[in-house]
Amino acid sequence: TARCWPAGPTMPPPAPAFFQGAAAQPTRRRYRMLETIFSLGFSNPVHEALLRPVLAHLETGREGSDSCRLDLRETADGVYLLQDGHPLGFCATNDGLAPMVQGNIGLLALRRYPYLMALHAAGLATPDGALLIAGSSGSGKTTLAAALLASGWGYLSDDTILLRPHTLDAVAVPYSLGIKATAWTLLASRYPSLDRAAIHRRQDGKAIRYHSPPREHYALPRTVR
């Protein structure tokens, strides 16, 4: 299984001393999750290629003075995700990189967003509001959300929905759909290119393929119907 941190079962190797020094000028891409803009630096084009389809729907040309600056730095032990030069996450293998980076971006965005409650639920948008699909891990939230998305529904999230204070309106935490191996065959007719997508490994060891949803106004509050 992919050995990742902080959500994995093991702690990362000690951060190399060279993190304190200057790094080569990385390629930078900017992404928006909720109200936070992330500037992510890539020193290895392989990492950029792995993450591009996972984060493409979040890419933005905006840059704010309060942007969250992140960098990926490769060592002999694996890949570190740094925030302003300090280790935030770690993954020992490239197949665990995308889940680790997407998960940390989501957590950082949540810390900066005012919400009343976070629901472990998928969400789909309708002309009248939002449909929420709540359930435990492995119950089929992502599979059902992917099928409805392919049928013309609007996408919000496959995992996390926020409820705003006072109104209880739903706001999406718009992760790419992480489709588990058990659903690849089931969704093949709706997503013919899914069998050619890269295989990633979550921190729990499960294999997933990502489907990047279309660009939407994910942070727009929607009434739950």
Any hit, the stretch 203-212, residues being open to solvent by less than 70 Å² (accessible area, probe 1.4 Å) and among the acidic types (Asp, Glu): no
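Condition (residue is open to solvent by 30 Å² or more (accessible area, probe 1.4 Å) and over 20 Å from Ser176 (Cα atoms)) applied to the stretch 30-43: is it met by at least one residue?
Initially, the stretch 30-43 is screened for residues open to solvent by 30 Å² or more (accessible area, probe 1.4 Å), giving 30, 32, 35, 43.
Right, trim to over 20 Å from Ser176 (Cα atoms) and you get 43.
Yes, some residue in the stretch 30-43 is open to solvent by 30 Å² or more (accessible area, probe 1.4 Å) and over 20 Å from Ser176 (Cα atoms).
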Enumerated strands (runs of 3 or more DSSP E) restricted to the stretch 145-225, each holding at least 2 residues that are among the hydroxyl-bearing types (Ser, Thr, Tyr): 154-157
Hits in the stretch 97-119 - residues which are closer than 18 Å to Leu177 by Cβ and touching a strand residue (DSSP E or B) at 6+ places or on another chain (Cβ under 7 Å): Leu97, Ala98, Pro99, Met100, Val101, Ile105, Gly106, Ala109, Leu119
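Results for (1) surrounded by fewer than 19 Cβ atoms within 10 Å (Cβ to Cβ); (2) under 19 Å from His200 (Cβ atoms), shown as yes or no for each residue.
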site: Ala109; (1), (2): no, no
site: Ala147; (1), (2): yes, no
site: His166; (1), (2): yes, no
site: Leu177; (1), (2): no, yes
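Any idea which of Pro127, Pro87 is free of Cβ contacts under 8 Å to residues at least 60 places away in the same chain, over 14 Å from the mean Cα position of the chain (by Cα) and open to solvent by 10 Å² or more (accessible area, probe 1.4 Å)?
Working: Pro87 fails: free of Cβ contacts under 8 Å to residues at least 60 places away in the same chain.
So the residue among Pro127, Pro87 that is free of Cβ contacts under 8 Å to residues at least 60 places away in the same chain, over 14 Å from the mean Cα position of the chain (by Cα) and open to solvent by 10 Å² or more (accessible area, probe 1.4 Å) is Pro127.
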Residue list for the stretch 69-84, filter: open to solvent by 20 Å² or more (accessible area, probe 1.4 Å), part of a strand (DSSP E or B) and not charged (D, E, K, R): Gln83
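Conditions (1) touching a helix residue (DSSP H, G or I) at 6+ places or on another chain (Cβ under 7 Å); (2) closer than 27 Å to Leu162 by Cβ; (3) part of a loop (DSSP other than H, G, I, E, B), marked per residue:
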site: Leu50; (1), (2), (3): yes, no, no
site: Pro53; (1), (2), (3): no, yes, no
site: Ala56; (1), (2), (3): no, yes, no
site: Glu63; (1), (2), (3): no, yes, yes
site: Asp95; (1), (2), (3): no, no, no
site: Pro99; (1), (2), (3): no, yes, no
site: Ile105; (1), (2), (3): no, yes, no
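The values are calculated or read from the model by the stated rules, or taken from the named source; none is laboratory data. Values in this document were obtained by computation on a predicted structure and should not be read as measured data. Glycine gets a Cβ as well: all are built from the backbone with ideal geometry, and neighbour counts include every protein chain shown. Side chains included, ligands, DNA and RNA excluded: accessible areas come from the protein's heavy atoms. Shrake-Rupley method; radii C 1.70, N 1.55, O 1.52, S 1.80 Å.
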